[in-house]
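Each remark here refers to the structure printed beneath this line.
The values are calculated or read from the model by the stated rules, or taken from the named source; none is laboratory data. Since this is a predicted model, take the numbers as computed values, not measurements. Cβ atoms come from the backbone with ideal geometry, glycine included; neighbour counts cover every protein chain shown.
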Amino acid sequence: MDKTPTSASVSNEPEFATFLPFLMVICFLTFLSILSRMVFAPLTPLICKEMGLCHGETGHLFLVLSIGFAVTLFLSQYINCWISHKKTIAISLYSNAFLFLSTPWIGGYASLCSFLFFVGLASGLFIPSSIAIIRKVIFDNHLGKAFGMRQAMQSCAFIFGPAMVSIFSPYLSWRFILLSLGVFFLIFSVLFSIFFKEGQDKSPPVSMEFFRGVLTMPSFWIMLLLLCLISGMNYGVYNMAPNYYDSQYDVDRSTVNTLIMVARIFSFFTAILSGFLADKIGMRKALFSLLLICGLTTFFLGISSVGVSLFLFILQSSLATALMSLIHLAIANIVPAHRSASIISMMAPFAFIFGSGIVPKVIGIFADKGMYSQAFALFGIIAIAAALFFNWSRVHRHIYQKQVDS
């Protein structure tokens with residue numbers, strides 16, 4: 001359901017521009033958090049070349065990262081009962097800063113896996129607290145636009161990561177690139193700790209009654225299924241694309257990184273527009289349409305010639321980013337605002353393991369068997385089926401009713 005206030009209430013509420021200073025800060029923090037994970041995709045060709053990794057081992061790196069991320073995503077609902085959302089975000093930022101500063105001491109494949117696991121642990125604390133702060137500060141009739149802006153920062157991270165790698169990789173090792181990023185993180189972690197004033201509250205304690213109530217909600221399982229799938233279309237495809245085009249079509253690394261940047265430039269705008277679209281035509285229509293089109297582009301990405309596939313990759317990335325903003329908004333609205341962090345903490349770990357870990361791992365296994373292209377096509381078929389499932393009235397009414405109740 002779309003939370004559309006009455007005309008009388010809207011007239012008494014602030015304009016969206018009132019919230020822009022706050023949103024710019026929280027969106028930049030989101031950019032840093034996402035960059036800490038997304039920078040590894042454009043670095044994988046360098047890492048694979050140095051360590052001699054196969055496709056399956058490359059996919060395993062993202063699985064390890066996603067497991068670490070999932071652990072603290074789930075535990076954050078308990079952590080936020082003890083410390084404020086601001087302190088939780090600060091711990092996440094500082095931890096990533098010091099981890100990146102330690103990269104010169106990474107040795108072989110085992111130490112790299114351990115490093116990625118701890119990066120995942122540090123990053124997992126951020127998402128629930130940031131979403132809880134947004135829901136607390138932003139009025140309901142502006143939430144679609146706010147979540148669209150937040151998701152647009154993912155596109156900025158996807159642009160900045162490949163751009164940074166393309167510019168510095170001819171001169172610096174991948175370890176030194178991450179070390180430089182650590183300095184960048186440390187500076188902004190200090191600024192955040194000093195100047196950011198929101199997020200001083202904590203989440204209410206999580207009880208077994210809440211768990212039982214959530215797990216018996218059909219809307220929880222429907223949203224979890226969609227979040228897993230959309231996460232795979234977003235992060236999974238992105239993580240494996242550089243290796244896919246490099247190994248299957250011999251497209252050089254700089255070209256792939258340039259295409260990723262182009263795709264994410266478009267994604268910046270589609271993420272914001274998706275929020276306006278959801279506020280305008282409703283969540284159901286917006287989510288169904290974008291998921292169906294994204295599934296089709298993913299399918300044809302895997303069976304088309306290299307030129308067409310590269311074009312479809314740009315389109316697919318733009319649509320997948322827009323879907324992430326819609327699904328987070330939909331999930332946040334099936335529970336009351338003070339439970340937003342808890343519901344995200346319960347769902348996101350499974351979704352991130354699936355999207356950023358299992359999907360790249362499975363695609364890598366297909367690739368080792370000479371079926372790289374077929375893996376993308378199969379994933380597209382699954383997405384198309386999920387879009388039709390979500391749009392089924394018997395399925396969607398469960399989500400609608402929970403949004404009414406909350």
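Say whether the condition of being under 25 Å from Pro349 (Cα atoms) and either assigned to a helix (DSSP H, G or I) or touching an Asp or Glu at 6+ places or on another chain (Cβ under 9 Å) (or both) is met by at least one residue in the range 244-263.
If we filter the range 244-263 for residues that are under 25 Å from Pro349 (Cα atoms), which is where we start, we get none.
Checked the range 244-263: no residue is under 25 Å from Pro349 (Cα atoms) and either assigned to a helix (DSSP H, G or I) or touching an Asp or Glu at 6+ places or on another chain (Cβ under 9 Å) (or both).
For the list (1) over 25 Å from Ala330 (Cβ atoms); (2) without any contact (Cβ under 8 Å) to a residue 60 or more places away in the chain; (3) out of contact with any helix residue (DSSP H, G or I) (no Cβ under 6 Å at 6 or more places or on another chain), I need the number of the one condition that Thr258 fails.
(2)
Which pairs have Cβ atoms under 6 Å, sit 6 or more apart or on different chains, and link a residue in the range 115-134 that is over 13 Å from Ala90 (Cα atoms) to one that is part of a loop (DSSP other than H, G, I, E, B)?
Phe115/Ile106; Ile133/Glu198; Ile133/Gly199
Given the condition at negative phi, within 15 Å of the chain's Cα centre (by Cα), modelled with pLDDT under 80 and crowded, with 21+ Cβ neighbours inside 10 Å, answer yes or no: does some residue in the range 381-401 qualify?
Of all residues in the range 381-401, those at negative phi come to 381-401.
With within 15 Å of the chain's Cα centre (by Cα) added as a condition, the list becomes none.
Scanning the range 381-401, I find no residue that is at negative phi, within 15 Å of the chain's Cα centre (by Cα), modelled with pLDDT under 80 and crowded, with 21+ Cβ neighbours inside 10 Å, so the answer is no.
The rows are residues; the columns are (1) in a helix (DSSP H, G or I); (2) closer than 23 Å to Thr58 by Cα.
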| residue | (1), (2) |
| --- | --- |
| Ala146 | yes, no |
| Ile159 | yes, yes |
| Phe176 | yes, yes |
| Leu179 | yes, yes |
| Phe184 | yes, no |
| Phe188 | yes, no |
| Glu198 | no, no |
| Gly213 | yes, no |
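If you take the residues in the range 147-190 that are crowded, with 18+ Cβ neighbours inside 10 Å and of a type in the set (S, T, N, Q), which one is modelled with the highest pLDDT?
Checking each candidate, the answer is Ser189.
Please pick out the residue among Ser219, Ser203, Ser193, Ser207 that is over 30 Å from Gly295 (Cβ atoms), crowded, with 21+ Cβ neighbours inside 10 Å and not hydrophobic (A, V, I, L, M, F, W, C).
Numbers: Ser219 fails: over 30 Å from Gly295 (Cβ atoms); Ser193 fails: crowded, with 21+ Cβ neighbours inside 10 Å; Ser207 fails: crowded, with 21+ Cβ neighbours inside 10 Å.
When all the criteria are applied, what remains is Ser203.
For the range 111-129, which residues satisfy the criterion of being of a type outside the set (A, V, I, L, M), buried (at least 24 other Cβ atoms within 10 Å of the Cβ) and assigned to a helix (DSSP H, G or I)?
Keep residues of the range 111-129 that are of a type outside the set (A, V, I, L, M), which gives 111, 113-115, 117-118, 120, 123-124, 126, 128-129.
Adding the requirement that they be buried (at least 24 other Cβ atoms within 10 Å of the Cβ) leaves 120, 123-124, 126, 128-129.
Answer for the range 111-129, where residues must be of a type outside the set (A, V, I, L, M), buried (at least 24 other Cβ atoms within 10 Å of the Cβ) and assigned to a helix (DSSP H, G or I): Gly120, Ser123, Phe126, Pro128, Ser129.
Specify which of the listed residues (Ser267, Ser309, Ser274) is modelled with pLDDT of 85 or more and part of a helix (DSSP H, G or I).
Details: Ser267 fails: modelled with pLDDT of 85 or more; Ser274 fails: modelled with pLDDT of 85 or more.
The conditions single out Ser309.
Of Phe192, Phe98, which residue is assigned to a helix (DSSP H, G or I) and within 24 Å of Pro42 (Cβ to Cβ)?
Values: Phe192 fails: within 24 Å of Pro42 (Cβ to Cβ).
Of the residues listed, the single one that is assigned to a helix (DSSP H, G or I) and within 24 Å of Pro42 (Cβ to Cβ) is Phe98.
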